[in-house]
Each structure stands twice: as structure tokens, then as C-alpha cells.
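Reviewing the structure listed below.
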Amino acid sequence: MEDNNYSDIDRMEIEAEKKRREAIIKKNEIKRNTILFTIASCIVQVILMLALMTALYILAAVLSYRVLHLESAFPIQIASPLVFIGGMIFGFILHKKIMYVIIDRLNLYDKLQKGLGDYYRPRKARDKKQVDY
């Protein structure tokens, strides 16, 4: 009869160990998914910023040389810092919106670390979520 008690205790310990290992595996998967998502997100952000800066430079050149018929390079020199800063700001804004759509459409909230999904969520949705809890 004591053997059954030990075997029940052993079975409980084995089940607890399995659950603990599954939790560790799940935590590591979430960490890996978060790292991969962050790397892909950074690559998308850099490409997006470069594309926006290029588009803004082309817009500035067309505006100054085709529309305003200016002859010197001075307007482009003045526009360069503005294009750079504008491309970065528009890149950040657009990147955040794109990542929110991707996370929302693919339902990645439970596959990434907790704070990451909320970071990309719009403020109104974040505030609404905090009120619901």
C-alpha cells in the first residue's frame, strides 16, 4: 500500500516537472518570437525610412526645379535636413501603424512578450484596455 502512495507522489512530481518544462519552453518560444519580430520590425523601419526620405528628396527636387524653375542647388541644401527629419518622423509613425496592423491581423499578442503588443497599439485602444481590466 505504501508503494502506491510513493507512486502517486512520483506521478505528481513527474506531472509537475512536465508542466514546469512546458512553461519554460513556452517562455523561451515567446522570447525567441519577440526577438525575431523586433529584428524584422527594425529592418522594415529602416527600409521604410529610406524609401520615405528618397520620395521626399524627389518631391523637393521636382518642386524646386520643375515647378518653381530654380537654377541653383541652394533650395535642395536647405531642404536636405528637413527631408531627413521629416523622413524619420513619417517613418516612425508609419512603422508603428504597420506593426500594429500586423500584430492585430495575425493576433500575435499571445505570441510576443506582453508589453510589445501594447507598445504598437494606439493610445485610445491602450487606454480602453486599461479601463476594461
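Results, tabulated for the structure shown:
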| quantity | calculated |
| --- | --- |
| Extension reserve of the Ile43-Arg123 stretch, reckoned as 0.36 nm per residue once the Cα distance is removed | 26.4 nm |
| Shape of segment 43-90, Cα gyration tensor, a/c cut at 1.5 | prolate |
| Cα-centred dipole magnitude for the chain, charges only on beta-carbon of K, R (+1) and D, E (-1), debye, nearest 20 | 680 |
| Tail beyond 13 Å, pair distance distribution of segment 1-66 (Cα, percent) | 77 |
| For segment 24-35, 3J(HN,Hα) per residue [Karplus equation, 6.51 cos²θ - 1.76 cosθ + 1.60, θ = phi - 60°, Hz, x = Gly/Pro] | 5, 5, 4, 4, 5, 5, 5, 5, 5, 4, 5, 5 |
| Heavy-atom accessible surface of segment 1-130: percent carbon and sulfur, 1.4 Å | 66 |
| Per residue accessible area of the chain, 1.4 Å probe, in Å² | 80 |
| Exceeding the 31 Å Cα-Cα cut-off - candidates Lys18/Lys124; Lys26/Lys96; Lys18/Lys97; Lys31/Lys97; Lys31/Lys124 | Lys18/Lys124; Lys18/Lys97 |
| R0 of 30 Å, Cβ-Cβ distance Glu29-Phe90: FRET efficiency to nearest 0.05 | 0.30 |
| For the chain: rounded, prolate or oblate by the Cα gyration tensor [a/c cutoff 1.5] | prolate |
| Charge dipole (segment 10-71, unit charges on Cβ, about Cα centre) - positive-most of Met53, Ser41, Ser64 | Ser41 |
| By accessible area with a 1.4 Å probe, ligands and nucleic acids excluded, highest first: order of Asp110, Asp8 | Asp110, Asp8 |
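The values are calculated or read from the model by the stated rules, or taken from the named source; none is laboratory data. Keep in mind that this is a model prediction, so the values were computed, not measured. All Cβ positions, even for glycine, are placed from backbone atoms using ideal geometry, and neighbour counts span all protein chains on display. We work out accessible area using only protein heavy atoms, side chains counted, and drop any ligands, DNA or RNA first. Shrake-Rupley method; radii C 1.70, N 1.55, O 1.52, S 1.80 Å.
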